[in-house]
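Only one structure is covered here, and it is reproduced in the block below.
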Amino acid sequence: MAKWGMVIDLDKCTGCQACTTACAMENDTLPGESWQDVLFYNEGEYPSAQMKWLPRPCMQCEDPSCVHVCPTRATYKDEDAGGIVFVDWNKCIGCKYCMIACPYGVRFFADEQPLVEPDIRDTYPGENGQMWSPPYQNPEQDWRRGIGIQPKGVVSKCTFCYHKVSKAPEGVADLDEDDPELKEYVPACVRTCAPKARFFGDLDNPESNVNRLIADKKGARLLDHTGNRPQVYYLGAGASIPAFRPRES
Amino acid sequence: MNILQTLITRRRFLQATSAAGAATAMGYGALRGLAPVRESAAQEPASMEGETRITKNICHQCPARCGIDVYTRNGRVHAIYGDTGNPIANGKLCPKGHLGTYLLYDPDRFEGPMKRTNPNKGRNEDPEFVPITWEEAFDIVAERLNRLRENGESHRFAHFYGRGWGSSDAGMYGDFGKLYGTPNSAIGHASICAEGSKRAKEATDGNNSYNAYDYRNCNYILNFGASFLEAFRPYNYLMQMWGHMRVKSPQTRITSIDVRMNPTMAASDRYHMIKPGTDGAMALAIAHVILTEGLWDKEFVGDFEDGENRFRTGETIDADVFEERWTHGIADWWNEELKDRTPEWAEEITTIPASDMQRIAREFATTKPAIALMERGPTAHFNGTYNGMAIHALNALAGSMFAEGGLFYQMGPSYGPLPVSADDYMDDYAKDMEGKHPRIDMAGTDKWPMAGTMMQETAKHHLAGDPYKLDTAMFFVTNPIWSAPDPILWEEALKDVFIIDTSPYPGETAMYADIIMPEHTYLERLQDSPTYPFEGWPMSALRVPAVDPVYDTKHFGDMLIEIGKRIDGPMSEYYAELGDVENMLRHRAAGFADDPGDNGVNDFESWKEKGVWYKKPYHWRYWRGQFWEWDGDDYTIEMSEPEVKDKLMPTGSGKFEFKSSFLEEHAGYIAEEMGIPEDKAGIIQWVEPRHTGGGDLHFVTPKLPLKAEGRSANLPQAQAYMQPIVGGQGTVFLEVHPRTAHERGISDGDTVRLSAQVRGEQKSITAVARLMPSHRPDTLVLPHEYGHWAQGRWATANGRHAKPGNSGELTENLSDPISGLASYYTSKVTLERA
């Protein structure tokens, strides 16, 4: 089985957030439940200020801290599914321990006050146990892996679009959206990325393009000192998150 | 144990709701696309069964026309991705593209045709719409139009449109106006869009058009106020090219000039934040350096006869000693303007250091192919056309016109003719009306002789009854009561006009409508769309309906046909012959039979299947001092000067003009309106901007990447991501430099009031301030996004999601006298705590 990895080249990323909306629509997340967010940072002052951004999916850590803390074993790392970290919505009790343990802030509990009002869940009330039921839904549903629209009271997260990736031909080294035979198996964020800043492939295959890119451009993993060992690598300048500073008022 | 308690409760809840789900499966629940819950899987909804079908379409959320694959199962759209076979999309999309399903299933859509029953119109008047049938709607409109015709007043009917797509909607206006007898079919929106860059190009190289660009092969981009990574078009394709340019060898070097921090600036190799309205001064200084340092493209521009450079700061040259090649007027340009336009002079005006301008000039002229591009930023000012001409002139100096890695113009598709010709169906009345009355906006008259359209003037003219009062107006993809400069005046003007609005959605203009004729959303439409200027070679995409219309809506083209059929006289026969939009498109596609596309599209059916017809390559190329035409295999046919004039640079001289014959033809008008001496009107020159509003701070109102063709204020997903710079929390903010804020006692998060003089009155809007040290201290930034009062539940939300006001309300209706482009970015406002 492949070990799926993602490579994000920050020298090519334009901060457009197409990854964010492609993910939101593919996975029917609520406005603001951004499994694939892009964070913007502004530093310095006119006329020499800088602005940078960091697209942030779930890192699908090799040693995920979220899995260690889950009291019901709802969140788990599936080595047979490319090493993707899933939440089993049949087991999740919404305690949010995993959200606190995650060093990357990529887990979501969407039951609270909506980001945008009026609450879209009032427009499309949940049916069949779903938290909300919009008229446009991805036909794929798999609550054991946190795919589809979640029930109330559970944590959600990026699944590397497992419902797509899992159908890829066995043994493929890279899922390149420019290959018409493969594009349907590519995670939504990678598939739509216009400047082609994202790549998806098998980290266990030394011949894969993702490993070549990591080698050529000295791929780095975020917060590597935590020991989580992400399966997401960043290339290029700017792969750092500035320390939190309260906004000047 | 609370946790255990929650667990049990939730499982019970699931069992209970799954039973309820099964019970409703035959009713509305099934309509919503959820599979019935089977007993064996009572704990979760199963994946929806059925086949997914993919139909071709193009996105409607900006002008770019990206091809999309629309994924539909059981009659429900569930995904949108870029079409791999579409040369603009190449399988990719921008952030807006994916949100199209929201636009289809927008819960605030109009559900069918309606008429107004409350005769009073105003922001606080409920139109009291009642449903009517389409027949009634068409009859009401046709009766009105027939009566106007009987009274000899058909010119008092006007069409207005925003985004026209092709021959099956906006392309039908010309014949409608001709047959019916109105000069106002149609008033386009270009003058509140980006007309300035088109006019700057018309005035220099003779093409009244946006450019096509060869980004793939260019090595340098000097970008003036075209927000390349936000709102320039085609945005999706530009990002693809950005990714390419940043890794190709050699890497394309990108310098961006804008008035505010934005992603394009941040991602460029170098940025400079220029004082609003002064880009032309910087471009002139760059031209000055290129000439004084001998860096111009001598094969395109020509050279001094002995090769000695006589361009010396402050000194004139003898025109006779410069042998000009493909340009016109360089000696006059230098002697009358450029010789004194030093970087030091421009530093005073632009606030950009002279040394940086010098460095940019050297880089630009020596890193070829190089493109100088610009859009609305530099041109949405009083001096916009001259600013744009100064920037575009750099392309001539670098030899980039029609060159590989440079810029050129767009070819049209090989369409077949319509089955009928409008000329054969004009009655005497229609013939008599031709040229009898000016347009309501006075475009093309002595008032605006160089403007193609002046939509923003309509409200004023109607209120004054000069040239006449409108009687009836029909709107298509445009909402001037919100989007025009000084929209408040439109609220007054449209009160006594019979309004037909065709938007599928509620909006401010729709709230003034007497008849609502909702059109299909784009995922429900059959519609053609020749490309905007892109890579030059011809292309035309087709929208194919992905689903049956969700509501009782119609295609706009079919609405025109149905109204036309009801007009007395031969006009009705013309539209009866035309039939419907599908018939029209079949005739258009017949033209592909003799000119099959590169993807094999040769008729209507294959067009529907592939979603696009295109034919590479572009037919002309400039190379080393000569222009060459494509012979079918290569660019081998050398073009004569008359051929270049005819096909590529249709100016008076047939050359790229630094001294514009187009402007010289209107020298008297320019002298009167702009105070420029008549004998200097044609020279590309620095003209001071005329800022409006009377305040002390520049006010710019950019479009963000998620601005979904005017609908994003009612798209909750778009609002959630409305960053950068400082949105992303369900709104946008007034971005202000901390020093500017502190001087006014304003802290981050404060509600602030912005005020400006409009029509001599003090107007104000409010917004929440966000301190942004990146911006110029003299410039405020408020994205043009909100301030809607009638778009739908999210756009008009109150409480903690109250949105900032409409920046247009602080925008004086002042236009560039040459292009007619409204000066959206030229207001100066005052700022205070609210």
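Solvent-free Debye calculation, one equal scatterer per alpha-carbon of the protein assembly as shown: log10 I(q)/I(0) at 0.05, 0.07 Å⁻¹ equals -0.32, -0.65. The label point for B:Asn583 and the one for A:Leu223, both projected 7 Å from the Cα toward the Cβ, are 6.5 nm apart.
The calculated FRET efficiency for the pair A:Glu181 and B:Glu299, based on their C-beta separation and a Förster distance of 56 Å, comes to about 0.75.
Does the range A:123-249 come out rounded, prolate or oblate, given a ≥ b ≥ c as the square roots of the eigenvalues of its C-alpha gyration tensor, rounded meaning a/c under 1.5 and, failing that, prolate meaning a/b above b/c? Since a/c reaches 1.5 but b/c is at least a/b, the shape of the range A:123-249 is classed as oblate.
How big is the range A:4-235 by the Kirkwood estimate over distinct Cα pairs, in Å? All intermediate terms of the calculation are to be shown ahead of the outcome.
Details: mean 1/r = 0.0547 Å⁻¹.
Taking the inverse mean of 1/r over all distinct Cα pairs, the range A:4-235 comes out at 18.3 Å.
What nm distance separates the two modelled labels at B:Asp696 and B:Glu709, each placed 7 Å from Cα along Cα→Cβ? Between B:Asp696 and B:Glu709, the label points sit 4.4 nm apart. The label point for B:Lys647 and the one for B:Lys248, both projected 7 Å from the Cα toward the Cβ, are 2.4 nm apart. Enter the Cα centre distance for the pair the range B:265-330 and the range B:441-456, rounded to the nearest angstrom. After rounding, the separation between the Cα centres reads 33 Å. Once the Cβ-Cβ distance of B:Glu323 and B:Asp631 is raised to the sixth power relative to R0 = 22 Å, the FRET efficiency obtained is 0.15.
Using the Cβ-Cβ distance between B:Asp139 and A:Arg144 with R0 set to 60 Å, the FRET efficiency works out to roughly 0.55.
How far is the Cα center of the range A:83-125 from the Cα center of the range B:542-613, in Å? Here the answer is 46 Å between Cα centres. The C-alpha atoms of chain B define a longest principal axis, and helix B:235-245 lies at about 50 degrees to it.
Multiply the residue gap between B:Val130 and B:Ala593 by 0.36 nm, knock off their C-alpha separation, and tell me the result in nm, one decimal place. Spell out each step's value before the answer.
On the way: separation 463, 0.36 × 463 = 166.68 nm, distance 4.70 nm.
Value of the extension gain: 162.0 nm.
Between 0 and 90 degrees, the angle of helix B:279-292 with respect to the longest Cα principal axis of chain B falls at about 40 degrees.
Treat the range B:697-833 as a sphere of radius equal to its Kirkwood radius over Cα pairs and apply Stokes-Einstein at 4 °C in a medium of 1.567 mPa s; give the translational diffusion coefficient in µm²/s, rounded to a whole number. Please list the in-between numbers first.
On the way: Rh = 15.3 Å.
Calculated translational D: 85 µm²/s.
In plain terms, the chain from A:Tyr41 to A:Glu112 could stretch by 23.0 nm, reckoned as 0.36 nm per residue minus the Cα-Cα distance.
Rounded to the nearest 500, what is the 222 nm mean residue ellipticity of chain B from helices alone, with -39500 (n - 2.57) per DSSP H run of 4+ residues and division by all residues?
Details: 28 runs with 237 residues, N = 834.
Counting only the DSSP helices, I get -8000 deg cm²/dmol.
Centroid-to-centroid, using Cα positions, the range B:634-669 and the range A:150-167 are 59 Å apart.
Which of rounded, prolate or oblate describes the range A:75-142 when judged by the alpha-carbon gyration tensor and an a/c cut-off of 1.5? Oblate, because a/c is 1.5 or more while a/b does not exceed b/c.
Give me the net charge for the shell around B:Leu295: Cβ to Cβ below 14 angstrom, other residues only, Lys and Arg +1, Asp and Glu -1.
-1
What whole-number value in cubic angstrom gives the convex hull volume per residue for the C-alpha atoms of the range B:594-732? Please list the in-between numbers first.
On the way: hull volume 37.8 nm³, N = 139.
For the range B:594-732, the hull spanned by Cα atoms encloses 272 Å³ per residue.
Across the range B:563-610, Cα-Cα pairs farther apart than 15 Å form 53% of the total.
State which entries of B:Lys460/B:Lys495; A:Lys12/B:Lys56; A:Lys196/A:Lys217; B:Lys460/B:Lys763; B:Lys275/B:Lys707 exceed 20 angstrom in Cα-Cα distance in the structure shown. Write down the numbers at each step before the final one.
On the way: B:Lys460/B:Lys495 13 Å; A:Lys12/B:Lys56 29 Å; A:Lys196/A:Lys217 15 Å; B:Lys460/B:Lys763 18 Å; B:Lys275/B:Lys707 25 Å.
Those over the limit are A:Lys12/B:Lys56; B:Lys275/B:Lys707.
Can you give the calculated 222 nm mean residue ellipticity of chain A, where each DSSP H run of n ≥ 4 adds -39,500 (n - 2.57) and the sum is split over every residue, rounded to the nearest 500 deg cm²/dmol?
Numbers: 7 runs with 40 residues, N = 249.
It lands at -3500 deg cm²/dmol.
Gyration tensor over the Cα atoms of the range B:379-431: the corresponding equivalent ellipsoid has semi-axes (square roots of 5 times the eigenvalues, largest first) of 40, 21, 7 Å. Computed log10 I(q)/I(0) for the range B:186-321 at 0.11, 0.13, 0.18, 0.22 Å⁻¹: -0.55, -0.76, -1.24, -1.43, from the Debye equation with unit scatterers placed on every C-alpha and solvent omitted. Here, P(r) means the percent of Cα pairs in each 5 Å bin from 0 to the largest distance; for the range B:46-195 it is 2, 7, 10, 12, 15, 16, 14, 11, 8, 4, 1, 0, 0. With all pairs of separate Cα atoms included, chain B yields a Kirkwood hydrodynamic radius of 28.4 Å. Only beta bridges with both residues in the protein assembly as shown are counted; by DSSP, about 65 percent of them are antiparallel. Using a cutoff of 8 angstrom between alpha carbon atoms and counting only pairs six or more residues apart, the relative contact order for chain B works out to 17 percent.
Stretched out fully, how many nm does the piece from B:Arg270 to B:Thr366 gain, at 0.36 nm a residue minus the Cα gap?
The span from B:Arg270 to B:Thr366 would gain 32.9 nm if fully extended.
Among A:Gly146, A:Gly201, A:Gly129, the largest mean-square fluctuation in a Gaussian network model of chain A (Cα springs under 10 Å) belongs to A:Gly129.
Every read-out reported here was derived from the displayed coordinates using simple, explicitly stated rules and does not represent laboratory data. None of these values were measured; they are calculated from a predicted model. Neighbour counts run over all protein chains shown; Cβ positions are idealised from the backbone, glycine included.
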